[in-house]
Amino acid sequence: LALETDPDRLERFLAEELSGNNFRTPSQTCITCLEVLRKRDDGDPRGPGLLVMGTESCKILLLDPSLRAVVRSVSLRSTPVFIAVTGSLDVEYRIVVACRNKRIYSIKSGDLVRRAIELESPVCGGVVRLARDIIVGCMDHTIHSFHIKGRKNWTLHMPAPITSIAPFMCERASTSGFLVALRDGQVRLYIEKTLMSTIRVEGQVVTALVFGQFNREPNTLLMLFTSGALGVKMLKRTAKLDPHKAPRPGPPPEQDVPLAVPKKTRLYIDQTQRERESAVDMHRAFQHSLCKLRYVTARSYVRLFEHSGSANAQTYTSANHYIQSDDVQERLSLSAQVLGLGPRLRLVAQLENVGALAVLGATLSLHFDRDAYHVSRAAV
């Protein structure tokens, strides 16, 4: 079901299997996964071994080499879907089992370890055991690496759903890693968590991977496709499998090469950088200059009124100017604003009665230096 790409066939298959005539509770269990446990740790792949089976009844069974008797049976809390076996029966062995309840269990020399690894997503693709690490693929397009004791090492995010995971052992280079097949036709080789190589298969989806000896070639990759075809890839003898010399993921190294920036652009960049670094000092200098400008302007304006030649000129401040007559109740507020710097400028005067009585028939006259200024109307 996970590898079916045609939605019509998928719905038709589910409808047939879940119908009343075909859906029956099985009286006997069935096998869900298989592996081989070597009897002796002599390095001979053709030596005698025991068949390790995972069943739908949540059990792991170890059969003798003659396949006639069950040597060991271990019960789990869920149905196993993937198995990874290391070690030998005569010395010590460990079986890593991924189950449908999103947990990974370990069986050490026939005994179930109480500590289990809990995943965030169901397992898909398979489980790989490398040294003291467990590599597992999940349905959320991620690959997790755990220590055998349960501590997470790292996580890789894949660009497409995972279809299969297989171990990679190259004795010639003394290198171990894992292979990942994706739904988009990619087959990736990882050593530790470094991507070493990528194979693209056009128009096909890889459903199973096996790496090992094929005929006389010790390092061969076999790929099984959804169409039933079999693909064979052989590793070159001159292949470099050092993860420290592999290109690191990320931006290309060309971005570290400085660009030939023009002089004006470089000047603008330097000025922007200087303003960014000295923003506080520049703001303080601007405020100081602005306050000084206001002070000089106010002082010049006051001097202008002092030397205007008017004998009864009133004192001017930056705020409103009050004119008070003999009658205490008659008070006028006068404020002036100069628009422009010259030679032509405009004077805006605002006269406001702030007293208790109304003022009628008042005249506003301007007193100024007639040698320096010219006003069209000196009295309003």
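The values are calculated or read from the model by the stated rules, or taken from the named source; none is laboratory data. Just so you know, these numbers come straight off a predicted model, no measurement behind them. Here the Cβ positions follow ideal geometry from the backbone for every residue, glycine too, while neighbour counts run over all protein chains shown. Accessible surface areas use protein heavy atoms only, side chains included; no ligands, DNA or RNA. Shrake-Rupley method; radii C 1.70, N 1.55, O 1.52, S 1.80 Å.
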Residue 222-residue 64 FRET efficiency (beta carbon distance; Förster radius 30 Å; 0.05 resolution): 0.60
Förster radius 41 Å - calculated FRET efficiency between residue 280 and residue 118, Cβ distance, rounded to 0.05: 0.20
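Taking only protein heavy atoms into account and a 1.4 Å probe, give the accessible area per residue of region 33-98 in Å². Don't jump to the answer; show the numbers that get you there.
Values: 3500 Å² over 66 residues.
Ligands and nucleic acids excluded, the result is 53 Å² per residue.
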Sequence-separation-based contact order of the chain, relative, with Cα cut under 8 Å and 6+ spacing, percent: 5 percent
Cα-Cα P(r), region 78-165, percent of pairs per 5 Å interval: 3, 15, 28, 27, 16, 7, 3, 1, 0
Ranked order, 141, 374 - accessible area, probe 1.4 Å, largest first: 374, 141
Cut-off under 5 Å, modelled amide H: who pairs with residue 102 long-range: 123
Rough spin-label spacing in nm, given labels placed 7 Å along Cα→Cβ, for residue 306 and residue 151: 8.2 nm
Accessible carbon and sulfur surface of region 169-262 relative to its total accessible area, %, 1.4 Å: 54 percent
Accessible surface, region 103-202, averaged per residue in Å² (probe 1.4 Å): 47 Å²
Residues whose placed amide H lies under 5 Å from that of residue 355, excluding near-sequence neighbours: 331
In Hz, Karplus ³J(HN,Hα) per residue of region 343-357 (6.51, -1.76, 1.60; θ = phi - 60°; x = Gly, Pro): x, 9, 9, 10, 10, 9, 10, 10, 10, 9, 8, 10, x, 8, 10
Label-reachable residues, region 197-226, where backbone N falls under 20 Å from a point 7 Å from residue 16's Cα toward its Cβ: 226
Computed [θ] at 222 nm, helices only, for the chain once each DSSP H run of length n ≥ 4 contributes -39500 (n - 2.57): -5000 deg cm²/dmol
